[in-house]
Amino acid sequence: MRTIIQNGTLVRSQGIEQADLLIENGFIKRIASGIQEQADEVIDAGGKLVFAGFIDTHTHFDLDLGVTVTADNFITGTRAAALGGTTTVLDFATQDRGMTMQDALDLWHKKAEGSSCNYGFHMAISEWDGERAAEVENMVAQGVTSFKMYMVYDAMRLNDGEIYAALKHMAALNCISGVHCENYDILNERIHELNSIGMRSPLAHPISRPNAVEAEAVSRLMRIGQLAKAPVWVVHLSTHEGLEEARRARARGQEVYLETCPQYLVLDDTRYGDPDAEKFIMSPPLRKSEDQDALLSAMGSGEIDVIGTDHCSFMMSQKALGGGEFSKTPNGGAGVQNRAQIIYTYAVRTGRITLQQMAAMMSENAARMFGMYPHRGVLREGAEADITIYDPTGESKISYRTNAHACDNSPYEGMKVLGGVSDVLLGGQHIVKNGKLITEGKGRFVFRKSSGRYRA
Ligand code: URP
Ligand code: ZN
């Protein structure tokens, strides 16, 4: 099977170029201008931007929180991802207490069958002891080379000593570990304080977890990483103060990777006064415009590595299980389909980042950081033909009604976006054509090598 993508503008972290792509049997065979060869399909990308397929570093599909299960499973979640230009999602396989990592990995492989884009797994761990430690090498042997720990959530959290030991162990095996940074004791005490004065509505959610709750935890993680001599990845960074703590650690010579999410760039905490405010209950919470500005500046200066969505969707009826109380409302929001449009509209077109930086944060850095480079994440001869074509023309509004995800709400409802994904190729197969998903269920597991550790 041979496909030619003609007349497009190739966007790579190193630069922008007008060139054609010849794709053969799933790989990029040639990049040159004016390719004239026989092909089974010719895609005209005139006026469009051609990127290496986007990688979403942070999704939660089919996640059982105990009280309820996310609205999106891998079938619906990866359909939405593909339509949004994402060719690989890295989802969090979750080792619940009493389970082995192998149990969790086997379960996630089953859950992910029938996915419409490629998928890999980070392993989220909820306990750390000799038994779990002994499993890490086995995870690496199965292509799982990144791990996540939570400082919060009763069912998942590890203490600082456990995080220290796990970071050290993972680093020795050349794995990378992400940590959800919030101070558990303080946020719980603040929830208690707020409840005792009758503040239970969503408006109290950001008050329970103010910026310092994240910043203290980031600062602590930085010091734990320093002591463990390990790289650390801060997942879903949301605050200016947290960013400052990471900057300090980098200035000391530490290897720190930063992920943020579109919601922390374009939505703010005034949304907790909205009639459907429950849909914005996520952790960390939405912040203020100063935080958005600081994160966008850090993207522009190359300090942010990757942008994940933290897609963790719930129907409004599931959000209502909290009975209107912020601290009991399932945490998380939808976003997997809208990442590229939001970043293109609110970061590139506003002049905060370049197209090349968009390519780096949406594809290349993720591929490097998570052991997929140079086979994925770059437009390069010999790489897998996972390709996203973005049409920058036109204007539309985001709505859950037109998104493919299963949940009946979007935190971005009504938000204006410029352009959209027109075509996606997955391993050379044309799966999204003119904005429509034409082939489903072709996603494969991505076996990952050790982290590229490009900030070492
Ligand atoms: O509120 C969120 N982000 N829910 C998903 C789990 C997590 O904390 O990443
Ligand atoms: Zn998450």
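The values are calculated or read from the model by the stated rules, or taken from the named source; none is laboratory data. Treat the numbers as computed from the prediction; the structure is a model and nothing was measured. Here Cβ is always computed from backbone atoms with ideal geometry, including for glycine, and neighbour counts include all displayed protein chains. The accessibility values were calculated without ligands, DNA or RNA, using every heavy atom of the protein model including side chains. Shrake-Rupley method; radii C 1.70, N 1.55, O 1.52, S 1.80 Å.
Looking for something within 16 Å of ligand 2 (Cβ to nearest atom) and either touching a Gly at 6+ places or on another chain (Cβ under 6 Å) or open to solvent by less than 60 Å² (accessible area, probe 1.4 Å) (or both) - is there at least one such residue anywhere in region 221-229? Scanning region 221-229 turns up at least one residue that is within 16 Å of ligand 2 (Cβ to nearest atom) and either touching a Gly at 6+ places or on another chain (Cβ under 6 Å) or open to solvent by less than 60 Å² (accessible area, probe 1.4 Å) (or both). Among the residues of region 269-295, those that are more than 15 Å from residue 410 (Cβ to Cβ), open to solvent by less than 20 Å² (accessible area, probe 1.4 Å) and out of contact with any strand residue (DSSP E or B) (no Cβ under 9 Å at 6 or more places or on another chain) comprise 272, 285, 294. Taking region 6-105 and the strands (runs of 3 or more DSSP E) fully enclosed by it, the elements with 3 or more residues that are touching a residue at least 60 places away in the same chain (Cβ under 8 Å) and either open to solvent by 10 Å² or more (accessible area, probe 1.4 Å) or more than 30 Å from residue 154 (Cβ to Cβ) (or both) are at 9-12, 20-24, 27-32, 49-52, 86-95. Which one of these does residue 264 not meet: (1) of a type outside the set (Gly, Ala, Ser); (2) part of a helix (DSSP H, G or I); (3) within 13 Å of ligand 1 (Cβ to nearest atom); (4) over 30 Å from residue 160 (Cα atoms)? So residue 264 meets the others, but not (4).
So which residues in region 284-301 are within 15 Å of ligand 1 (Cβ to nearest atom) and of a type in the set (A, V, I, L, M), if there are any at all?
Listed by number, the list holds a single entry, 286.
Which of the residues belonging to region 346-358 are open to solvent by 10 Å² or more (accessible area, probe 1.4 Å), part of a helix (DSSP H, G or I) and touching a helix residue (DSSP H, G or I) at 6+ places or on another chain (Cβ under 9 Å)? 346, 348, 355, 357, listed by residue number.
Residue by residue, here is whether (1) assigned to a helix (DSSP H, G or I); (2) open to solvent by 10 Å² or more (accessible area, probe 1.4 Å); (3) within 16 Å of ligand 2 (Cβ to nearest atom) holds:
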residue	(1), (2), (3)
238	no, no, yes
250	yes, yes, no
253	no, yes, no
299	yes, no, no
337	no, yes, no
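Residue under question is residue 245, and the condition is that it be touching a residue at least 12 places away in the same chain (Cβ under 8 Å), touching a Ser or Thr at 6+ places or on another chain (Cβ under 7 Å), within 16 Å of ligand 2 (Cβ to nearest atom) and assigned to a helix (DSSP H, G or I); does it hold? It is false that residue 245 is touching a residue at least 12 places away in the same chain (Cβ under 8 Å), touching a Ser or Thr at 6+ places or on another chain (Cβ under 7 Å), within 16 Å of ligand 2 (Cβ to nearest atom) and assigned to a helix (DSSP H, G or I). Can you say whether residue 266 is open to solvent by 10 Å² or more (accessible area, probe 1.4 Å) and either within 16 Å of ligand 2 (Cβ to nearest atom) or under 25 Å from residue 416 (Cα atoms) (or both), as far as the supplied structure shows? It is true that residue 266 is open to solvent by 10 Å² or more (accessible area, probe 1.4 Å) and either within 16 Å of ligand 2 (Cβ to nearest atom) or under 25 Å from residue 416 (Cα atoms) (or both).
Please pick out the residue among 384, 440 that is buried (at least 22 other Cβ atoms within 10 Å of the Cβ) and under 18 Å from residue 89 (Cβ atoms). Of the residues listed, the single one that is buried (at least 22 other Cβ atoms within 10 Å of the Cβ) and under 18 Å from residue 89 (Cβ atoms) is 384. Within region 301-327, being assigned to a loop (DSSP other than H, G, I, E, B), of a type in the set (A, V, I, L, M, F, W, C) and either away from ligand 2 (no atom under 16 Å from the Cβ) or more than 20 Å from residue 85 (Cα to Cα) (or both) holds for 304, 314, 315.
Considering only residues in region 390-424 that are under 20 Å from the mean Cα position of the chain (by Cα) and not in a loop (DSSP other than H, G, I, E, B), the one that is farthest from residue 12 (Cα to Cα) turns out to be 417.
Any residue at all in region 302-325 that is away from ligand 1 (no atom under 15 Å from the Cβ), small (Gly, Ala, Ser) and crowded, with 22+ Cβ neighbours inside 10 Å? Checking region 302-325: not a single residue is away from ligand 1 (no atom under 15 Å from the Cβ), small (Gly, Ala, Ser) and crowded, with 22+ Cβ neighbours inside 10 Å.
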